[in-house]
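Undergrad: Quick one: the structure is below, and I'll ask about it shortly.
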Amino acid sequence: MRTTVNRQSFRFPAAAAVACALLLAGCASQERAQNTVYDFGAPSLRPFTPATPPAAPLAIVVMDVTGPSGLDTERMFYRLNYADAQQARTYASSRWSATPVALVTTRIKTRLSQAHMKVLSATDAANGVPILRIEIDDFVHAFPSADRSEGRIMLRASVFTEHRLIDQRSFERSTPASSQDAAGGAAALAASTDGLAEDIGAWLATLNLQGK
């Protein structure tokens with residue numbers, strides 16, 4: 001008796017294997033995309049000197065930066081100002097390595113120390129040492145148009161001595177992004193933060209805090 005083999009029955013396992021391979025590849029690709037993590041990169045090795053440097057190195061306590069609750073997560077926000085400026089969107093497959101307030105705190109401390117300031121933490125506070133408090137009002141990858149974006153930061157800096165307000169100033173920086181995606185936004189926000197750190201350092205140098 002001759003047995004007839006149905007060749008078509010062998011095609012399904014092969015097709016299923018290909019489909020599974022494509023599915024696994026897609027999942028792996030998606031997993032890699034979801035694990036894209038950004039930070040501000042290595043700080044610049046270039047020290048900066050304020051236009052009016054203090055007569056002696058300034059010691060100052062830099063408190064942790066604060067801001068809206070949305071900046072206390074690792075989510076990366078962007079805003080389509082040309083479409084709906086009131087809606088803050090998040091990149092689904094990208095995130096920060098730490099919260100934006102933590103990243104800004106670290107970078108500002110680093111840049112101020114590179115300006116030859118003695119940067120202290122809250123636990124090092126001593127009587128008479130000025131305290132710098134910074135509150136972020138806006139930190140976002142903003143799109144003025146569909147083909148143009150920028151890393152935009154707005155913040156307020158206040159200096160206190162012995163619980164007395166010495167001065168307060170608002171700062172703002174916008175840096176054009178090189179690409180209209182999370183990578184471009186991260187780089188632009190890092191550049192804006194570096195610029196603001198230098199702006200704050202220049203402002204502190206004008207306050208003559210040694211004599212306060």
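Undergrad: So how far apart, in nm, are the two label points at Ser69 and Thr90 if each is 7 Å from Cα heading toward Cβ?
TA: Here the answer is 1.3 nm between the modelled labels.
Undergrad: Counting pairs of Cα atoms in segment 163-212, how many percent are more than 13 Å apart?
TA: 65 percent
Undergrad: Using Cα pairs under 8 angstrom and six or more residues apart, how large is the relative contact order of segment 60-206, in percent?
TA: Contact order relative to length: 24 percent.
Undergrad: Keeping all protein chains in place, calculate the accessible area per residue for segment 60-206 (probe 1.4 angstrom), answer in Å².
TA: Per-residue accessible area for segment 60-206 comes out at 46 Å².
Undergrad: Sticking with this one: Charges on Cβ only, +1 for Lys and Arg, -1 for Asp and Glu, centred on the Cα centroid of segment 157-212; of Ser174, Thr193, Trp203, which one is farthest towards the dipole's positive end?
TA: Toward the positive end, the furthest listed residue is Trp203.
Undergrad: Carbon and sulfur together cover what percent of the accessible area of segment 50-205 at a 1.4 Å probe radius?
TA: Accessible surface attributable to carbon and sulfur in segment 50-205 totals 49 percent.
Undergrad: How big, in percent, is the set of alpha carbon pairs in segment 125-211 lying more than 20 Å apart?
TA: 43 percent
Undergrad: Using +1 at the C-beta of Lys and Arg and -1 at the C-beta of Asp and Glu, which of Gly184, Ala88, Ala102 has the Cα lying farthest in the positive direction of the dipole of segment 60-206?
TA: Value computed over the given set: Ala102.
Undergrad: Taking every pair of alpha-carbon atoms in segment 60-206, what share in percent sits in each 10 Å bin, from 0 to the bin with the longest distance?
TA: P(r) for segment 60-206, in whole percents per bin: 12, 41, 31, 14, 3, 0.
Undergrad: While we're on this one: Go through Met76, Ala122, Ser158 and say which Cα lies farthest out towards the positive end of the charge dipole of segment 60-206; charges sit on Cβ, +1 for Lys and Arg, -1 for Asp and Glu.
TA: Positive-end residue among those listed: Ala122.
The values are calculated or read from the model by the stated rules, or taken from the named source; none is laboratory data. Not measured: the values here are computed from a predicted model. Glycine gets a Cβ as well: all are built from the backbone with ideal geometry, and neighbour counts include every protein chain shown. In case anyone asks, the SASA skips ligands and DNA or RNA and just uses the protein heavy atoms, side chains included. Shrake-Rupley method; radii C 1.70, N 1.55, O 1.52, S 1.80 Å.
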